[in-house]
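Trainee: First the structure, then my questions, so here it is.
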Amino acid sequence: MGRLWLALLLLAALAGCGGESAEKYLEQGIKEFQNQNYDGAIASYEKAIKLEPRAAAAYNLLGMAYRFKYNQLGKPELREKEIAAFQKATEIDPKFWMAMINLGATYYAMGEKAQAASWFKKALEINPNHPEKPQLEKMIAEGEKRS
């Protein structure tokens, strides 16, 4: 979902978390993520979350770090942590459509297209003008065929 997503995630992370220290750790995590140091990014995001436990954007970024680490190593426990982080982001902020799309993308990649469709639909209800709406609608249709 490209650089646009990363820019949006970074903006949301900085806007969604108060406190100078949490922001410092988020910025550090973003740098680690960009350098493909996913362990470092995870550690930084977890420090930010300790300081700001209601920071949905920090959980979303944590989920992304786990996704990329999972893609490197393929360990199922990393996928579980990825899902848990995205779910926590949506629990904290039920209108956080970026986390919903990320969660949907995870389920889609796992072949759980009906579950992915549910998250994509929720995200489009909140953000009906999403720039990737046609692609998301195709994935929703795939998921609805399977259910």
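Trainee: Among what's in the stretch 56-88 and is of a type in the set (Gly, Ala, Ser) and in contact with a Leu (Cβ under 8 Å, 6 or more places away or on another chain), pick the residue that is surrounded by the most Cβ atoms within 10 Å (Cβ to Cβ).
Mentor: Among those that are of a type in the set (Gly, Ala, Ser) and in contact with a Leu (Cβ under 8 Å, 6 or more places away or on another chain), it is Ala58.
Trainee: Say we look at the stretch 51-75 and pick out the residues that are basic (Lys, Arg) and under 14 Å from Ala41 (Cβ atoms); which of these is nearest to the chain's Cα centre (by Cα)?
Mentor: Arg67
Trainee: How many residues are assigned to a helix (DSSP H, G or I) and either of a type in the set (S, T, N, Q) or at positive phi (or both) if we restrict to the stretch 24-79?
Mentor: 6
Trainee: Residue check: is Leu4 modelled with pLDDT under 95, within 14 Å of the chain's Cα centre (by Cα), surrounded by 13 or more Cβ atoms within 10 Å (Cβ to Cβ) and assigned to a helix (DSSP H, G or I)?
Mentor: No.
Trainee: With (1) within 24 Å of Ala56 (Cα to Cα); (2) not in a loop (DSSP other than H, G, I, E, B) as the list, and Glu144 as the residue in question, which single condition is left unmet?
Mentor: Going through (1) within 24 Å of Ala56 (Cα to Cα); (2) not in a loop (DSSP other than H, G, I, E, B) one by one, Glu144 breaks only (1).
Trainee: Would you please name the residue that is surrounded by the most Cβ atoms within 10 Å (Cβ to Cβ), looking only at residues in the stretch 97-129 that are of a type in the set (A, V, I, L, M) and under 18 Å from Ala56 (Cβ atoms)?
Mentor: Ala99
The values are calculated or read from the model by the stated rules, or taken from the named source; none is laboratory data. This structure is a prediction, so every number in the text was calculated from the model and none was measured. All Cβ positions, even for glycine, are placed from backbone atoms using ideal geometry, and neighbour counts span all protein chains on display.
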